[in-house]
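Chemist: Below is the structure I would like to discuss, written out as structure tokens.
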Amino acid sequence: GQNIDQPTEMTATEGAIVQINCTYQTSGFNGLFWYQQHAGEAPTFLSYNVLDGLEEKGRFSSFLSRSKGYSYLLLKELQMKDSASYLCAVYYGGATNKLIFGTGTLLAVQP
Amino acid sequence: GAGVSQSPSNKVTEKGKDVELRCDPISGHTALYWYRQSLGQGLEFLIYFQGNSAPDKSGLPSDRFSAERTGGSVSTLTIQRTQQEDSAVYLCASSTGTSGGETQYFGPGTRLLVL
């Protein structure tokens with residue numbers, strides 16, 4: 001199957017660090033995306049991991065471990081504007097070229 | 001440049017009616033995707049167009065759903081005989097389609113409510 005699981009909701013404090021996990025039960029995919037989606041808006045690209053390891057991009061980092069079947073998104077120095085849903089998506093290239101999304105994690109950043 | 005645009009932004013219809021949702025991808029993007037996002041759910045893949053190739057329709061939930069892409073640009077998603085469970089946000093995305101793993105850019109979505 002392609003079960004992609006994320007925690008439904010998380011709460012964190014402004015200025016803190018939060019890790020959002022994504023576990024999946026699939027193989028043979030090209031890479032894994034993370035998108036951010038504010039309420040009522042379109043998802044926007046955050047990161048794309050092809051190789052195992054950590055990809056750092058400013059306050060946001062993303063990690064992938066294919067052997068362990070999981071990824072995480074790490075958000076540092078949280079700001080109120082980081083309150084949003086974070087979507088993990090497995091990417092299948094080739095003829096399909098489609099994204100299979102998890103259900104998303106709604107992050108609430110509190111002062 | 002302009003991003004992906006979708007119309008209408010919101011659509012309220014009665015059960016049993018047909019609806020058409022439009023997507024204008026980013027100029028030059030050859031790949032176009034439709035997704036559906038129901039309340040509290042993740043994005044569900046519906047259909048994928050790449051250039052002149054036959055579309056990947058594997059995600060369409062029933063034969064009431066169809067989509068076409070004219071001239072390799074604008075796409076229309078049609079839902080016939082709408083049902084209440086079709087109520088969702090329908091998102092369109094496009095990408096360059098030139099290589100694997102390129103970023104998909106999403107439009108703002110059409111919020112469909114079937115009464």
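Chemist: Whole angstrom only: what separates the Cα centroid of segment B:1-47 from the Cα centroid of segment A:52-86?
Modeler: Value for the Cα centre distance between the two parts: 27 Å.
Chemist: Let me ask you something else. Taking every pair of alpha-carbon atoms in segment A:49-111, give the share separated by more than 14 Å as a whole percent.
Modeler: Of the Cα pairs, 65 percent sit more than 14 Å apart.
Chemist: Continuing with this model, one more query. Dividing the Cα radius of gyration by the Kirkwood radius, what Rg/Rh value follows for chain A?
Modeler: With Rh from the inverse mean 1/r over Cα pairs, Rg/Rh is 0.96.
Chemist: Return a whole-number percent for the relative contact order of segment B:1-97, with Cα pairs under 8 Å and 6 or more residues apart as the contact set.
Modeler: After rounding, I find 38 percent.
Chemist: Multiply the residue gap between B:GLU85 and B:SER7 by 0.36 nm, knock off their C-alpha separation, and tell me the result in nm, one decimal place.
Modeler: Taking 0.36 nm per residue and subtracting the Cα distance, the gain is 26.0 nm.
Chemist: Per residue, how big is the convex hull around the C-alpha atoms of the protein assembly as shown? Give it to me in cubic angstrom, could you?
Modeler: About 125 Å³ per residue, rounded to a whole number.
Chemist: If you average 1/r over all unlike Cα pairs in segment B:6-54 and invert the result, what Kirkwood radius do you get in angstrom?
Modeler: 13.1
Chemist: May I pose another question? Relative contact order of chain A, please, whole-number percent, based on alpha carbon pairs below 8 angstrom and at least 6 residues apart.
Modeler: Value for chain A: 36 percent.
Chemist: Please give, to one decimal in nm, the separation of the simple spin-label points placed at B:LYS17 and B:THR76, each 7 Å out from Cα toward the Cβ.
Modeler: 1.7
Chemist: Name the residues whose placed amide hydrogens come within less than 5 Å of the amide hydrogen of A:GLY31, ignoring near sequence neighbours (fewer than 5 apart) on the same chain.
Modeler: Amide H neighbours of A:GLY31, under 5 Å, 5+ apart: A:TYR91.
Chemist: If you average 1/r across every pair of different Cα atoms in chain B and take the reciprocal, what Kirkwood value do you get, in Å?
Modeler: Hydrodynamic radius (Kirkwood, Cα only) of chain B equals 14.1 Å.
Chemist: For a quick check: sort B:THR76, A:THR13 by the number of other beta carbons within 10 angstrom, fewest at the front.
Modeler: So the ranking, lowest neighbour count to highest, is A:THR13, B:THR76.
Chemist: Near the amide H of A:LEU106, under 5 Å away, which other amide H atoms are found, from residues 5 or more places off or on another chain, if H is placed in the peptide plane?
Modeler: Sorted by chain and number, the residues that satisfy this are A:GLU9, A:MET10, A:TYR86.
Chemist: Another one. Just grab the label-to-label distance for B:THR103 and A:THR8, each label 7 Å out from Cα along the Cβ direction, in nm (one decimal).
Modeler: Roughly 3.1 nm, to one decimal.
Just so you know, all these numbers are worked out from the coordinates, no wet-lab data involved. Small disclaimer: the values here were computed from a predicted structure and weren't measured. Positions of Cβ are backbone-derived with ideal geometry, glycine not excepted, and every protein chain shown enters the neighbour counts.
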